[in-house]
1. Going by what's in this entry, would I103 be described as at pLDDT below 90, in a strand (DSSP E or B) and surrounded by 12 or more Cβ atoms within 10 Å (Cβ to Cβ)?
2. Do you know which residues across segment 60-74 are of a type in the set (G, A, S) and under 20 Å from I103 (Cα atoms)?
3. Do we have H196 as in contact with a strand residue (DSSP E or B) (Cβ under 8 Å, 6 or more places away or on another chain) and modelled with pLDDT under 90 here?
4. Collect the residues in segment 1-57 that are hydroxyl-bearing (S, T, Y), touching an Asp or Glu at 6+ places or on another chain (Cβ under 8 Å) and at pLDDT 95 or above, keeping them in residue-number order.
5. All but one of (1) β-branched (V, I, T); (2) under 20 Å from A306 (Cα atoms); (3) surrounded by fewer than 24 Cβ atoms within 10 Å (Cβ to Cβ) hold for T37, so report the exception by its number.
6. Which one is nearest to the chain's Cα centre (by Cα), of the residues in segment 29-51 that are farther than 17 Å from M65 by Cβ and assigned to a helix (DSSP H, G or I)?
7. Exactly one of (1) under 23 Å from D138 (Cβ atoms); (2) not in a loop (DSSP other than H, G, I, E, B) is unmet by M65. Its number?
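The values are calculated or read from the model by the stated rules, or taken from the named source; none is laboratory data. For clarity, every value in this text was computed on a predicted model and none was experimentally measured. Cβ sites come from the backbone with ideal geometry, for glycine too, and all protein chains shown count toward neighbours.
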Amino acid sequence: MGGCQMGFSQDLTPKYSNEFLNIGVGARALAMGGAQTAASRDVTAAYWNPAGLMAVTHKYDATLMHAEYFAGIAQYDYLGFTTPIKNESQVAVSLIRFGVDDIPDTRFLYDANGALNYNNIQFFNAADYALLLSYARDISDKWKIGANAKIIHRNVGKFAQAWGFGLDVGGLYVQKRLTAGLMLRDITTTFNAWSHNAELVRDIYADTNNEVPVNSVELTLPRAIASLAYNWNLGGTFSLLTALDLDMTFDGRRNTVIASDLISVDPRIGLELGYKQVAFLRAGASTFQYIKDFQGEQSMNFMPSAGLGVRLNDRFQLDYALSDIGNVSDTPYSHVFSVRVSLKKLEEDFRKFKGWDQ
């Protein structure tokens with residue numbers, strides 16, 4: 001039978017579906033270990049918890065981030081923009097791309113005569129894209145809510161592609177210096193509908209005794225992230241923000257600090273020390289895992305992160321983060337850069353509700 005066959009994957013709910021959406025966005029956030037559900041109060045809140053968009057203080061707030069992973073093999077980029085609607089709501093749009101470019105296609109390395117011809121090598125890209133459309137609203141001085149609609153596109157050159165859709169909802173409770181947050185990702189179960197151009201790889205899969213891929217649907221199960229953030233009073237010169245996120249998954253036991261067949265909990269910890277709200281020093285820890293060595297002894301490992309931030313003026317801020325995968329991998333450190341641009345500061349009485357400890 002020619003063309004692509006129709007079928008369904010036996011495992012529709014893999015544990016690590018759409019993992020590129022769990023990396024995080026913004027150098028500030030990544031330097032703090034991704035502990036942002038209650039701490040993010042700028043345009044990046046559209047990703048971490050859209051309810052935090054209500055803390056944006058400018059009419060136009062935009063950010064651009066670039067990072068390279070696995071010694072520059074993978075490129076990770078993010079672009080976000082937000083603006084208010086009247087005085088009690090906010091909208092945002094975010095675009096995320098994680099891709100590996102210029103992958104060699106060696107299917108035609110040998111010509112019809114069996115001779116090796118490197119000129120026949122072609123190249124393709126494998127990339128994941130996500131478009132987030134966000135809406136946030138003030139309920140009162142203390143309660144803020146928000147939601148994301150996600151459109152996902154994944155492609156592996158001409159060989160396969162997927163389209164998906166999902167929804168997130170988030171909320172914040174603000175009590176002076178303490179903020180509590182809850183983010184529910186993929187609340188309706190996010191799906192990816194995969195289509196494969198099987199004819200391009202049929203011969204290769206047959207030669208290697210692999211099953212020819214068929215069209216399938218991949219599901220991403222819901223997860224919940226609970227968070228606390230606290231701004232400590234250190235006087236007018238210094239500020240200290242501490243944040244804790246508890247990332248909870250419900251797809252079976254994972255290698256996390258708290259793990260069971262019902263729920264697994266992965267904590268994230270972040271710190272941000274500020275100097276006159278101009279310069280910032282950040283640190284974080286995430287991905288706590290139990291690792292066994294060759295002797296069978298078990299130890300706790302985690303992914304450390306650190307970074308710096310500089311607010312050049314009321315309009316421009318530069319941030320940098322340095323992170324790796326901890327002791328569980330030899331992968332080099334990753335450098336993350338982002339720039340934030342804020343234009344037209346809002347009047348102090350613009351918002352209908354307050355509640356933020358700015």
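1. So I103 fits the description; yes.
2. If the condition is that a residue be of a type in the set (G, A, S) and under 20 Å from I103 (Cα atoms), then A67, A71, G72, A74 are the ones that fit.
3. So H196 passes the test.
4. T37
5. Looking at each condition in turn, T37 falls short on (3).
6. Ranking the qualifying residues of segment 29-51, first place goes to P50.
7. That leaves (1) as the condition not met.
This table checks each residue for (1) within 21 Å of F316 (Cβ to Cβ); (2) in contact with a Pro (Cβ under 9 Å, 6 or more places away or on another chain); (3) modelled with pLDDT of 90 or more; (4) surrounded by fewer than 20 Cβ atoms within 10 Å (Cβ to Cβ).
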| position | (1), (2), (3), (4) |
| --- | --- |
| H66 | yes, no, yes, yes |
| Q75 | no, no, no, yes |
| G80 | yes, no, yes, no |
| K86 | no, no, no, yes |
| I96 | no, no, yes, no |
| G99 | no, no, no, yes |
